[in-house]
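Inspection log for the structure reproduced underneath, given as structure tokens.
What follows is calculated from the coordinates using simple rules that are stated; it is not laboratory data. Since this is a predicted model, take the numbers as computed values, not measurements. With ideal geometry, Cβ positions are generated from the backbone for all residues, glycine too; neighbour counts draw on all protein chains shown.
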Amino acid sequence: MTSSYHETLENLRGVMRAIRSDTVAVAFPRDRAASSDIRIGYLDGRPVKRLVITLRGPGCGWVLRGGGCTMCGHYAGTTHGQPASVADTIMQFTDELNRYRVDDIEVLSIYNSGSMFNPDEIPFEALMGICRHIRHIPAIRKIVFETRAEYINPDTMNVLADELGPG
Ligand code: SF4
């Protein structure tokens, strides 16, 4: 890479950090999810009910490292680096889920305004607890976790699959 590439990257990161530091910090409760809503999902080519739950996390690891992606505004809805405990994260999920009838929800999407599989954003134990909870909801047939790909590894996926159980 040329030095102008690195200079440009550093300049861009400086601009992004300045933009992020101007974002107003709101004292969100750590045990409350950011939002949820029902949308349409697709399963085997069929439209089905999809519940989307967005957990409140400390923010995308890429924002903390270098300001994050220029087009992304998710940081405004995070705790700006303040992590939620395992118990609070599970509480966010279960409380939000309890607002819905789950007997006809076939797809469940879980987001966190960042990467669900980055342990610095969502504790892995909390992910396990969430999957253990989902195991007891037979209507759910597909789960979507939003994450950057570099946080995925087969060992942790196998642990979560075990928590979800057969089927
Ligand atoms: S949440 Fe996604 S889009 Fe936003 S800064 Fe992080 S990696 Fe980029």
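Say a site is exposed when it is one of the trypsin sites (Lys or Arg not before Pro), sits in a DSSP loop, and has at most 15 other Cβ atoms within 10 Å; what is then the longest site-free stretch of the chain?
33-98
Taking amide H positions as placed in the peptide plane 1.01 Å from N, state which residues far from Val144 in sequence (5 or more) or on other chains have amide H under 5 Å from it.
Under 5 Å from the amide H of Val144: Leu108, Ser109, Ile110.
Please work through the chain and write down the cysteines that have no neighbouring cysteine Cβ at a distance under 4.7 Å.
Cys60, Cys131
Taking square-rooted eigenvalues a ≥ b ≥ c of the alpha carbon gyration tensor, is region 1-77 rounded, prolate or oblate, where a/c under 1.5 means rounded and, failing that, a/b exceeding b/c means prolate? Write down the numbers at each step before the final one.
Working: a/c = 3.94, a/b = 1.68, b/c = 2.35.
Oblate shape, in that a/c is at least 1.5 and b/c is the bigger or equal ratio.
If the elastic network links every pair of Cα atoms under 10 Å, which of Asp44, Asp104, Asp88 fluctuates the most in the Gaussian network model of the chain?
Fluctuation is largest for Asp44.
Arrange the following residues from fewest to most other Cβ atoms within 10 Å of their Cβ: Ser36, Ser109.
Ranking Ser36, Ser109 by Cβ neighbours within 10 Å, fewest first, gives Ser109, Ser36.
For the chain, what does the helix formula give at 222 nm: sum of -39500 (n - 2.57) over DSSP H segments with n ≥ 4, over the residue count, nearest 500 deg cm²/dmol? Working shown, then result.
Details: 5 runs with 59 residues, N = 167.
That calculation yields -11000 deg cm²/dmol at 222 nm.
In whole angstrom, note down how far apart the Cα centers of region 143-159 and region 105-133 are.
10 Å
Would you work out the charge dipole size for region 3-164 about its Cα centre, treating the Cβ of every Lys and Arg as +1 and the Cβ of every Asp and Glu as -1, and quote it to the nearest 20 debye?
380 debye
If the elastic network links every pair of Cα atoms under 10 Å, which of Ala34, Ala126, Ala25 fluctuates the most in the Gaussian network model of the chain?
Residue with maximal mean-square fluctuation among Ala34, Ala126, Ala25: Ala25.
Below 8 Å, C-alpha to C-alpha, sequence gap of six or more: please give me the relative contact order for region 3-164 in percent.
23 percent
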